[in-house]
Number of protein chains: 2
Amino acid sequence: MLTLEQFEAGVRAGDRAVLGRAISLVESSSPAHQALAGQLLARLMPQTGLSIRVGITGVPGAGKSTLIEKLGTYLTSEEGGAHRVAVLAVDPSSDVTGGSILGDRTRMSKLSADPRAFIRPSPSGGTLGGVARRTRETILVCEAAGYDVVLVETVGVGQSESAVAGMTDVFLAVMLAGAGDDLQGIKRGILEHVDVIAVNKADGGNESRAQIAAREYEMALRMVSARAGEGKPTARTCSALTGAGVREVWADVEGRSSEMRRSGRLDEKRREQNQSWLEELVRERLEHLIRESAGASAALEEARERVRHGHARPTAEADRVIEALKAGLAARGAGAPDMGRVAQP
Amino acid sequence: MLTLEQFEAGVRAGDRAVLGRAISLVESSSPAHQALAGQLLARLMPQTGLSIRVGITGVPGAGKSTLIEKLGTYLTSEEGGAHRVAVLAVDPSSDVTGGSILGDRTRMSKLSADPRAFIRPSPSGGTLGGVARRTRETILVCEAAGYDVVLVETVGVGQSESAVAGMTDVFLAVMLAGAGDDLQGIKRGILEHVDVIAVNKADGGNESRAQIAAREYEMALRMVSARAGEGKPTARTCSALTGAGVREVWADVEGRSSEMRRSGRLDEKRREQNQSWLEELVRERLEHLIRESAGASAALEEARERVRHGHARPTAEADRVIEALKAGLAARGAGAPDMGRVAQP
C-alpha cells in the first residue's frame, strides 16, 4: 500500500498507475481504505473542480461508445485542444467479474491507447448510490491528476442518468433517428436533464432522417429543459463512424459550459450538486440504519408485503418500522448484546 | 369529540358535517387525534378506492379554479353523470390564517353551493410531505363518504405536482396558448406526469392560437409521457368561460381512467403509489429522527454550511451527522436524560 504522501504526489504528477490505485482506494469498501481515501481527497480538494464534467447517456444501439471514442480522440488531438480526457462509467449493474474492463478497452481501443486519455470502467457492483458516490469522488481524483475533460458515461438502467446528471456540468444524450412519435424509449424524466443531443449515425444515406429527428428533439428539449443562465439546449446530427459533426457536438457542449461559467451558473450548479449530494448521503445512511437493524429490517419487509398485497395503511406501517429501529438503537446504547446487527448483504 | 363509531357511521352516510370533522381529525397533529384517525381509516378502508382520482395542475393565470368549477358542476349534473365530486387541494405554502378557505369558496361559488360537491381547502401549513400525507388520507375518507370523483388541485410551487401525481390516477394540466417556445414555465419534470392537457381560454378570438398550442403540447406529451396500458396522452382546447370543450376534457380523463382499469394498469399504479408512499414515509420519519436529536440537527446544519461555503466533502460530513444521531439514540437507551430531544418547529 502506498502512503498518503505517495498517493498525493503520484496523483498530482499525473502518474497513471498511482491514479489507478488511488481510484481503487476510493472505490474500496474497507474502512481502513475509506479512511485513507478520505484523507487523500481532503488534500486533493484544492486541485479539483477545473475540468468540464460531461455526462453522456444514450438509447441502446445509438453508438455511445463509438462516439466517446471519436470525441475523446478529437479532444486529445492538438486540433481539438490537446485536452487530457478521463472517461468514467456509472453502471450499477456491472459486477466484479463482469466484462466491463475488457469491454471498455475493446470498445474504445484507440482512446485507451492514447497517453492523454484515461479510461476507468464502472466500479464493481453495489447500489446505484454507492457506485455514484465513488464516481463523484473519482471525478475529483481525475481532476487533481490534471484531466481537464471528464466524460461520465451512464451504462446501467434506471436512475443512473439522474445520478450522472447530478454530478456533471453538461449532459449529452446520444440518440438515433428512429420511427415512432416518442423519444425512442428515452426514459421519462431524463429529457429534463439533457442539455445537448447528438443524433448519431447520420451517415450512409441516413442524413436527412437524422436532420429531421434532430429538429424534433431540439423542439422537445426546449420545451422541457430551458434554464436561466445556461443557454438553450441544442440537438444536432453527427456520425461517430465518419467523424462528421463530432466537433460541432463538442462545440455545443463547450459553449454551454462557457455560458454557464460566464453567468455564474456553473459555480452555483456545482454548489447545488454538492448540497444535494450531502442530503442524499444523509438519507442513504439513514436507510442503512434500518438495514443494520434486524428488527427494523424485518418490520420494513413485512410492511412492504402488507402494502403490496392488502389494504394496509402505509402510515401505520411506517410508524412500526421506525419504532423497531429506535428500540434497536436504544438497546445498543443500553449495552444489550447487539441482536439488531446483521451482516451486510 | 365524536366517537369512532359516530365518525364511521357519519362518513359512511355521507354526512358532510361529520366528513368535515373526520378530515380535520386526519389533518390534526395531536397524537390522540392521530390514533383515532388511524382506527377510523382502518375501518373505512373497504369502502375506499372506488373513485376516479384526478390531479390538476396549471400555470399561473391559466384559470384552473374556473375550470374546476365548470368541470365540477358538469360532473354533478345529470348530463355529466350525476357524480359526487370532492375537490381537495395540496398547498404546502398555505397557513392557518391564510385565505385559502374563503379563497376556494369564492373562486368556486357555484360548486361550493352544490349538494353533490364537497370542497376542502388545503390543510394548513407544514411540509409538503405532511400536507401530502394528509391529502392522501383525505382522499380515502372522501371515497368512503361516497364521492366517486376526487379532484386534487396543486396550489403551491415546487414539488407539489409530483406529490399529487403520486396520489392520483390521471393528471391534468391546465395551460394557455402563449408566446415562446417553452411550455410557459411549466416546471421541469412535471410534463412526465401529465396525462391530459387542457388549453384553456380558447374563446374570444383566441381559438386558433389555442388549437396550435394544443397540437404542440400533444406532441411534446407523447414524447415524454407515453406509458404502457394507459393510452396516449392527449391535449385539447377548452373554455372554462363558455364551457366549450369542458366535457371533452373530461372524456379524455375518463377515457384514460377506463383504459387503465381495463388493462389492469390502474390497480398496479395504485399499488405502486402505496409502495412509494410507504418508502417515502419511512424516509420522512428517518429524517425526523435527525430533527428530534439536537446533536444530529446541529451536525447537519453545520454540514450544510460547510458544503455550501467551502470545499468540505459531503461524504465526510454525512458520516458525522449519522454518528451524532446514533450517539443520541444510544444515550436515550442508556437512560441518560433526553438531551437530544428538541421541540418540533
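Among the residues of the range A:16-34, those that are outside any helix (DSSP H, G or I) and open to solvent by less than 70 Å² (accessible area, probe 1.4 Å) comprise A:Ser28, A:Ser30. Confirm whether A:Met223 is modelled with pLDDT under 75, closer than 20 Å to B:Leu221 by Cα and buried (at least 22 other Cβ atoms within 10 Å of the Cβ). Against the criterion (modelled with pLDDT under 75, closer than 20 Å to B:Leu221 by Cα and buried (at least 22 other Cβ atoms within 10 Å of the Cβ)), A:Met223 qualifies. Within the range B:1-12, the set of residues being of a type in the set (A, V, I, L, M), open to solvent by 40 Å² or more (accessible area, probe 1.4 Å) and either touching a helix residue (DSSP H, G or I) at 6+ places or on another chain (Cβ under 6 Å) or touching a residue at least 60 places away in the same chain (Cβ under 8 Å) (or both) is empty. Considering the range A:54-133, the qualifying helices (runs of 4 or more DSSP H), each wholly inside and each with 3 or more residues that are surrounded by fewer than 18 Cβ atoms within 10 Å (Cβ to Cβ) and at pLDDT below 95, run over A:100-107, A:109-112.
Can A:Gly328 be described as open to solvent by less than 50 Å² (accessible area, probe 1.4 Å), in contact with a strand residue (DSSP E or B) (Cβ under 8 Å, 6 or more places away or on another chain) and either modelled with pLDDT under 90 or not hydroxyl-bearing (Ser, Thr, Tyr) (or both)? Judged against the criteria, A:Gly328 is a match.
When only residues in the range A:290-317 that are surrounded by fewer than 20 Cβ atoms within 10 Å (Cβ to Cβ) and at the interface with chain B (Cβ under 7 Å from one of its Cβ atoms) count, which is modelled with the lowest pLDDT? Looking at residues that are surrounded by fewer than 20 Cβ atoms within 10 Å (Cβ to Cβ) and at the interface with chain B (Cβ under 7 Å from one of its Cβ atoms), I get A:His311.
Restricting attention to the range B:272-301, the residues being among the charged types (D, E, K, R) and touching a helix residue (DSSP H, G or I) at 6+ places or on another chain (Cβ under 8 Å) number 6. Looking only at residues in the range B:260-282 that are of a type in the set (Lys, Arg) and either open to solvent by 50 Å² or more (accessible area, probe 1.4 Å) or over 16 Å from the mean Cα position of the chain (by Cα) (or both), the one that is farthest from B:Glu302 (Cα to Cα) is B:Arg262.
Consider B:Arg285 carefully, then state whether it is surrounded by 15 or more Cβ atoms within 10 Å (Cβ to Cβ) and away from chain A (no Cβ under 11 Å). Criteria not met by B:Arg285.
Taking (1) more than 29 Å from A:Cys238 (Cα to Cα); (2) surrounded by fewer than 19 Cβ atoms within 10 Å (Cβ to Cβ); (3) within 14 Å of another protein chain (Cβ to nearest Cβ) in turn, A:Ala37 satisfies each apart from (2). Being crowded, with 18+ Cβ neighbours inside 10 Å and within 14 Å of another protein chain (Cβ to nearest Cβ) is true for just one of A:Gly245, A:Gly231. Which residue is that? Within the list A:Gly245, A:Gly231, the selection yields A:Gly231. Of the residues in the range A:40-53, how many are under 19 Å from A:Met260 (Cβ atoms) and surrounded by 16 or more Cβ atoms within 10 Å (Cβ to Cβ)? Here the count works out to 4. Looking only at the range A:35-45, decide whether some residue is under 14 Å from A:Thr138 (Cβ atoms), at pLDDT below 95, under 22 Å from the mean Cα position of the chain (by Cα) and not in a helix (DSSP H, G or I). There is no residue in the range A:35-45 that is under 14 Å from A:Thr138 (Cβ atoms), at pLDDT below 95, under 22 Å from the mean Cα position of the chain (by Cα) and not in a helix (DSSP H, G or I).
The values are calculated or read from the model by the stated rules, or taken from the named source; none is laboratory data. All values reported here derive from a predicted model rather than from experimental measurement. Positions of Cβ are generated from backbone atoms using ideal geometry, with glycine treated the same way; all protein chains shown enter the neighbour counts. When the accessible area is computed, the model is the full protein with side chains, heavy atoms only, and any ligands, DNA or RNA have been set aside. Shrake-Rupley method; radii C 1.70, N 1.55, O 1.52, S 1.80 Å.
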